[in-house]
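A quick write-up on the structure given underneath.
None of the figures in this text is laboratory data; all of them are computed from the coordinates on show. None of the values given here were measured: they were computed from a predicted structure. Note that we place each Cβ from the backbone using ideal geometry, even for glycine, and neighbour counts take in every protein chain shown.
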Amino acid sequence: MKFLGDYLSHRLFFIYILAALLALGLAMPIAADQPAGTPQKKEVHALWSHPMDVQKNVESVRAFVAKCKRAHIDTIVMDVKDSDGGIYWKSKRFPQAIAKGWENFDLLGNLVREAHAVGIKVDAWLVDFSEGANGAAFREHPEWAELNPDGETMLSEKLGKTRSYPYVWMCPARRPGYVDQWLLPMFEEIAANYDVDSVHHDYVRYPGDVAPDSYCFCDYCLKHIPRYAMLSYESLPEERYRVNPAQPRIEANWWSDPTMLPADWDKMDRREKANFILNGRTIPGGPPDMRYFFYDYRAHQIETFVREVAQNVKRINPKIQTSAAVFKNPILSGRFLGQHWDQWIPWIDVYMPMTYRSHFAGSFDSYLAHLTEMTERQMEWVRDQRPIYAGIASTYLYREELKPWDDIRDRLNEFQALPASDTKGRAEKAQIIKTAYETGKSRLAQHAPQVEREVTPLINAVTANDGRNATPEALAELSRKLAVFRADLPAGFLPPEKLRLSIEAARKANPQGIAIFAASSLTREKLWGVLEEEFK
């Protein structure tokens, strides 16, 4: 009996050990994927760049790529369709759109070859819906442009109080139109002919940073906004249905199948239709809520385009991903821009939110706190289903350091437009210029003493006697000197610590990457060394 008991005990012991080993063996492959204490994947470093950063020869492309490699850049996001509509690849379908001076150099092809040779990826960056007033698309198809309630394009708008808006925005909704006849074919041509790692969206929205509720009211959109929401029936159009007030709250009767378009809709002009879409009521006597359909329609058009790009590109080359530069808050940008990017998760592989200081109020220290918090929220909005590369624009970090010079530049532009007889206006501009220079003079003398010695007499000449003695020549020379200074800032004029602190603030949210805007800014501001240190 003792023997039998020992036998059973040993047998049970071995069965237990075997079960434990089997359980361990089954568990090990799962645990091996991400064992406790395993560091996260390497932080990705992306850099938005422009054609002028690389110039027009192979040697300059190679030198630029080498600079990016020293700065530990993993992905170069290169602008290959600019905001004027100019393109920077050897397009067979759109040769008329190739940017002037770039007809004989294939920027995209050369960059992909040189970058891939050293292990750097390339995103082909297209500025989606913006075109130049003299660009090929608008020149050949003015009917594709977005229109405001007055029937005018974005060229009628202002930046600030005086600057004319320089671009035309093309309608994302119209079919056939810009999307299917111009923009989608461009993405497809790149996917078919270039070994890019991603295509990259920018300006993938409506122009809501300038005119949120004004576009688009072209003929196509005026027809299709009501149709999108089915505000009336196309069958039996002569029949009209009134609200059946079964519920005491008037808007609660929306389901009773009323005809929501006015009876004289077809007789209204563009402005009247736009006013109804923005300020009308879905239910007579209810709240003025018609613009909900306007916002939803625009977000739907942008999402449809994003989906079509992803699907078409994948069909041509399944290896190519899609990335996007987006405004920092998808809920607000959905309302103001039609850019509800948290709904694009099936179509976007990497998000690069423009969490720039220029998009925040407050001090630099406030920006650092908001940068961390906003990046955390962005990761929540995509539900950790897609990588977030926190976007930082170096130039905008230096609001305090650059404001005096920007104020002087802007007032000089206004000053030069004033007639000599406008003594009051000249005195106002002169005083602002003088005050701004006094604010920035000591920093200028510290970091660029030669510039300070050259600029001070010009400032005095322009501002003396309340600006009455300012000659066109003195104004032009001061503008030129300051433009040269701003284009090539002296080392140390902009404290590198601000860029370091911004990168650290973004990292607190633990995003999958950091994206820096832009290569040209880093060169102008002498900040490449910060990336070499921070990204190593």
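Brief remarks follow.
- Highest to lowest packing among 110-119, 153-162, scored as the average C-beta count within 10 Å: 110-119, 153-162
- Computed magnitude of the charge dipole of region 156-214 (debye, nearest 20; Cβ of K, R +1, Cβ of D, E -1): 500 debye
- Neighbourhood net charge (13 Å Cβ-Cβ; Lys/Arg +1, Asp/Glu -1) for T355: +3
- Placed amide H near K328: partners under 5 Å, 5+ positions off or other chain: M354
- On the principal axes of its alpha-carbon atoms, region 144-221 has extents of 44, 27, 16 Å, going from largest to smallest.
- Close amide-amide hydrogen proximity is noted between A518 and S394, T395, each under 5 Å apart and 5 or more residues distant or on a separate chain (H modeled in the peptide plane; Pro and chain starts excluded).
- Region 403-473 shape via C-alpha gyration tensor axes, a/c threshold 1.5: prolate
- Per the Kirkwood formula applied to alpha carbons, the chain shows a radius of gyration over Rh ratio, Rg over Rh, of 1.08.
- Proxy reagent accessibility, fewest Cβ within 10 Å first, across Y437, Y203: Y203, Y437
- Around the Cα centre of the chain, unit charges on the Cβ atoms of Lys, Arg, Asp and Glu (plus for the first two, minus for the last two) sum to a dipole of about 780 debye.
- Applied to region 448-455, the Karplus parametrisation 6.51 cos²θ - 1.76 cosθ + 1.60 on θ = phi - 60° returns per-residue 3J(HN,Hα) values of 9, x, 5, 5, 4, 5, 7, 7 Hz, with x for Gly and Pro.
- Applying both filters, DSSP loop and at most 11 other Cβ atoms within 10 Å, to the trypsin sites (Lys or Arg not before Pro) of region 323-386 gives R383.
- Which of H201, H45 has the fewest Cβ neighbours within 10 Å, and the rest in rising order: H45, H201
- In region 219-293, a dipole from Cβ-located charges (positive for Lys and Arg, negative for Asp and Glu) runs towards its positive end, and of Y233, L278, S256 it is L278 whose Cα lies farthest in that direction.
- Amide H to amide H distances under 5 Å link H200 with A124, W125, L126, S323, where only residues 5 or more positions off or on other chains count and H is placed in the peptide plane.
- Taking every Cα-Cα distance in region 219-293 and sorting them into 5 Å bins from zero, the calculated P(r) comes out as 3, 15, 27, 26, 18, 8, 2, 0 percent.
- Distance violations [Cα-Cα > 31 Å] among K81/K273; K81/K328; K434/K526: K81/K273
- For K441, K498, order by how many other beta-carbon atoms lie within 10 Å, fewest first: K441, K498
- Here's the picture: charge each Lys and Arg Cβ at +1 and each Asp and Glu Cβ at -1 in the chain, and of P472, S520, T423 the one pushed furthest to the positive end of that dipole is S520.
- Unsatisfied cross-links (Cα-Cα over 31 Å) in the set K161/K481; K158/K429; K403/K424; K100/K429; K41/K67: K100/K429
- For region 384-536, the extents of the C-alpha atoms along the principal axes are 63, 33, 21 Å, listed from largest to smallest.
- Vicinal HN-Hα couplings computed from phi for region 46-57 (Karplus, 6.51 cos²θ - 1.76 cosθ + 1.60; Hz; Gly/Pro x): 10, 9, 5, 9, 10, x, 5, 5, 10, 6, 10, 8
- Calculated FRET efficiency for the pair S366/K481, C-beta based, R₀ 41 Å, to 0.05: 0.75
- The helix-based estimate of mean residue ellipticity at 222 nm for the chain, built from -39,500 (n - 2.57) per DSSP H run of four or more residues and divided by its residue count, is -15000 deg cm²/dmol to the nearest 500.
- 25 °C / 0.890 mPa s Stokes-Einstein diffusion coefficient of region 66-206, Kirkwood radius on C-alpha pairs, µm²/s: 152 µm²/s
- Each of N148, A117, I98 was scored by the projection of its Cα onto the charge dipole of the chain, and the greatest displacement toward the positive side belongs to A117; charges sit on the C-beta of Lys, Arg, Asp and Glu.
- For region 271-281, backbone phi angles converted through the Karplus equation (6.51, -1.76, 1.60; θ = phi - 60°) give residue-by-residue couplings of 5, 5, 5, 4, 4, 5, 4, 8, 10, x, 10 Hz, Gly and Pro being listed as x.
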